[in-house]
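Taking it in order: structure first as structure tokens, then the write-up.
The values are calculated or read from the model by the stated rules, or taken from the named source; none is laboratory data. If you're wondering where the values come from, they're calculated on a predicted model, not measured in any experiment. Every residue, glycine among them, receives a Cβ derived from its backbone with ideal geometry; neighbour counts consider all protein chains shown. Areas reflect the complete protein model, heavy atoms only, side chains present, ligands, DNA and RNA absent. Shrake-Rupley method; radii C 1.70, N 1.55, O 1.52, S 1.80 Å.
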Amino acid sequence: MPTPSALRFDDVTVAYPGGTTAVDRVSLDIVRSSFVALVGRSGSGKSTLLKTVNRLVTPSAGRVLADGTPVDAEPAHLLRRRIGYVFQGVGLFPHLTVAENIAIPLRLAGQIDPARVDDLLDLVELPREVGTRRPDALSGGQRQRVGVARALAAEARLLLMDEPFGALDPMTRDTLGQAVRALHARLGLTTLMVTHDMAEALLLSDRVLVMANGRIVADATPAALIAGEGGQQAQELVDVPRRQIRALEGLGA
């Protein structure tokens with residue numbers, strides 16, 4: 001019997017009253033240990049699709065399965081303990097220390113372990129003394145690293161990322177993207193990342209899914225997209241970093 005996918009979308013639709021369809025009959029499988037980028041223009045449905053995994057959004061039709069089991073087969077809070085979730089803005093509690101923020105998933109699971117928090121700070125390359133600080137004492141990049149540490153606290157094997165680097169300056173964004181990719185490989189994670197930045201998707205992922213009008217319109221490797229495959233809508237997104245590269249080269253001509 002074949003090994004079940006880490007994540008499967010089976011004819012998933014998300015429709016809202018009034019006739020708006022955010023996700024339109026999406027079916028796809030994501031294999032274990034892959035790093036998949038989900039890209040598209042604003043309003044394409046990519047974040048909505050991502051949120052059906054941890055049940056922040058409930059499909060109108062179809063189903064989502066994690067490791068072969070429907071995500072609605074257990075209470076939502078138990079499901080979310082097994083799925084890491086990192087989003088733009090991080091969502092750290094300002095009245096708690098960094099260590100207390102990271103430990104929230106452990107506390108909810110009844111697994112208070114200060115040594116685990118230290119290990120997580122090491123994992124995301126933050127000094128352990130940062131654990132005693134409040135989030136407002138950290139830079140944006142440091143806060144996002146704390147968000148990643150918190151997402152991994154309960155040893156999640158599936159990591160969801162929703163525009164995780166969007167609020168960061170370009171250098172911090174690049175450094176943190178590389179760090180997350182290294183963590184993905186080191187821990188054997190399955191990662192699904194929503195981004196509007198095609199260059200970021202091409203550089204970090206093994207597979208790129210392009211969404212438009214609630215549907216997957218392209219599904220290819222970064223190399224295939226660079227080679228011109230994937231169709232017109234995918235190439236329109238790929239052309240953005242291409243034009244930027246040509247413009248930069250032109251400045252030095």
So, first residue among the hydroxyl-bearing types (Ser, Thr, Tyr) in the stretch 208-232, second residue open to solvent by less than 40 Å² (accessible area, probe 1.4 Å), Cβ within less than 9 Å, six or more apart or across chains; the pairs are Thr221/Ser205; Thr221/Val208
Considering the stretch 220-245, residues that are exposed (fewer than 11 other Cβ atoms within 10 Å of the Cβ) and not aliphatic (A, V, I, L, M), and then whichever is nearest to Ser205 (Cα to Cα), we arrive at Gly228
From the option list Leu160, Leu183, single residue qualifying as of a type in the set (A, V, I, L, M) and either in a strand (DSSP E or B) or without any contact (Cβ under 8 Å) to a residue 12 or more places away in the chain (or both) is Leu160
Residue set Ser42, Ser5, Ser33; condition closer than 22 Å to Ala76 by Cα and in contact (Cβ under 8 Å) with a residue 60 or more places away in the chain; output residue Ser5
The condition of being surrounded by 20 or more Cβ atoms within 10 Å (Cβ to Cβ) and not β-branched (Val, Ile, Thr) holds, among Ala179, Ala199, Ala151, Ala115, only for Ala151
In the set Arg55, Arg63, the lone residue that is open to solvent by 40 Å² or more (accessible area, probe 1.4 Å) and closer than 22 Å to Val208 by Cα is Arg63
